[in-house]
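Data first, discussion second: the structure below is written as structure tokens.
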Amino acid sequence: MIELANRLNRIVESNTLRMAKLSRELAAQGKDVINLSLGEPDFFTPQHVKEAAKKAIDDNYSFYTPVVGFLDLRQAISAKFKNDNGLDYAADQIVVSTGAKQSIINVLLSLLNTGDEVIIPTPFWVSYSEMVKLSEGIPVYVKSTVEQDYKPSAKQIEAAITSKTKAFIFSSPCNPSGSVFTKDELFAIAKVFENHPKIIIISDEIYEHINFIGKHESIGQFDFIKDRVVTINGMSKSFAMTGWRLGYIGAPREIAQACDKLQGQFTSGTNAVTQRAALAALTSDMKATRDMSLAYKRRRDLVLQLMREIPGFIINEPGGAFYVFPDISFYFGKSDGEKTIENCEDFCMYILNNAMVSLVGGDSFGAPECIRLSYATSDEKLIEAMTRIKNILLKLK
Ligand code: PMP
Ligand code: GLU
């Protein structure tokens, strides 16, 4: 028997990827499964981005790149931060990585010593907690409810700060709740950290362009904390480029340099062709991104309308991203005569096995009374999935 490292025991498998794997396996058995578990755009990468990649191959972009990414790409990201978000990160404060997922773990590994605490508002994206644990830190959760539109108050966040707090990480628009923090809410949170100069704020803005309620706001815009804000972003969601694997940070120089050092030992940087494609995407007119965002908004409205017809679902109105995160605890304790639903995991497995729709339980997002549904798929599939869910739930008494 092979003895694996103890660090594996500290973390659990990504629940989003686990449910996606399960639904792929069912599909491979010929089952008609609708996968609403994985948060992934169903659109193709825009044509001009693909053309830039093809040209990059012909232009022999086949060599190692600078570990932190090509200078012209980092300059384009620096300009993007300035123009779109009002953030001042010079090119040497940008690190390009193999997806925002790696960007986040780079930052956590660069910052955390054993026992350092990281404040995470719930619900949160599944990997934050596990990445903190992998980095030997301790996640400290700040609970929020559907009545708060899943946004904890500045006061609640302040109450979680201790002498061991090293960082605060959150996403807006939020995966999984779709909640979007307003400028005023971000200002109030920033004010909390003004008095705690050692705490680093990690702002995950990967859903920036999938925002249905107005201008995207970044917490790094506030002068009194901007020197301690790491802004995370990437190509996966805004440009339908999940498989290309490119994320980036804007960070204080010390953190950017630490990520450079780490990444130089881990991956040597992300794929050269992907970097050329990302440069084309970031310097283009964003029409494709706007069109995708409009489609997500239409689908959100469709799903909310269909979901409101299902008894017992309590829903917030997501202002962004492409998820709905209903409280389904109404079904806990209910049974079809054979199977009793005890928790959100039972609920998801019941729906998967009986309705062939794949969802993700809220427990791995820190909200065990909820489930997450990704609506980044076609109207037909959404209508079919919601009909199946509604019909199967009628059997539970
Ligand atoms: N942050 C959030 C909130 C996400 O939903 C995702 C989705 N994968 C990521 C980061 C990572 O994205 P990627 O690694 O594909 O850039
Ligand atoms: N971020 C997406 C999700 O939440 C992709 C899966 C993942 O990276 O965990 O479903």
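The table below gives the values:
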item	result
Qualifying residue in the stretch 284-300 (condition: aliphatic (A, V, I, L, M) and surrounded by 20 or more Cβ atoms within 10 Å (Cβ to Cβ))	yes
Matching entry among 374, 335 (being hydroxyl-bearing (Ser, Thr, Tyr) and within 30 Å of residue 217 (Cβ to Cβ))	374
Matching option when the condition is surrounded by fewer than 21 Cβ atoms within 10 Å (Cβ to Cβ), closer than 20 Å to residue 150 by Cβ and more than 16 Å from ligand 1 (Cβ to nearest atom), among 388, 308	308
Out of 152, 197, 139, 123, sole residue that is within 16 Å of ligand 1 (Cβ to nearest atom), in a loop (DSSP other than H, G, I, E, B) and not aliphatic (A, V, I, L, M)	123
The stretch 308-328 residues that are part of a loop (DSSP other than H, G, I, E, B), paired with ones that are among the basic types (Lys, Arg) (beta carbon under 6 Å, 6 or more apart)	310/390; 325/372
Of all residues in the stretch 174-222 being of a type in the set (D, E, K, R) and within 24 Å of residue 105 (Cβ to Cβ), the one that is most open to solvent (accessible area, probe 1.4 Å)	198
Conditions (1) modelled with pLDDT under 95; (2) more than 23 Å from the chain's Cα centre (by Cα); number of the one not met by residue 316	(2)
Residue within the stretch 223-242 that is of a type outside the set (S, T, N, Q), more than 24 Å from residue 97 (Cα to Cα) and surrounded by fewer than 19 Cβ atoms within 10 Å (Cβ to Cβ) present	yes
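This table checks each residue for (1) in contact with a Cys (Cβ under 9 Å, 6 or more places away or on another chain); (2) over 26 Å from residue 302 (Cα atoms).
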site	(1), (2)
337	no, yes
349	no, no
361	yes, no
376	no, no
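The values are calculated or read from the model by the stated rules, or taken from the named source; none is laboratory data. Note that the structure is a prediction, hence the values are computed from the model and not measured. Using ideal geometry, Cβ is built from the backbone for each residue, glycine included, and neighbour counts are taken over all protein chains shown. Keep in mind that these areas ignore ligands, DNA and RNA; they rest on the heavy atoms of the full protein, side chains included. Shrake-Rupley method; radii C 1.70, N 1.55, O 1.52, S 1.80 Å.
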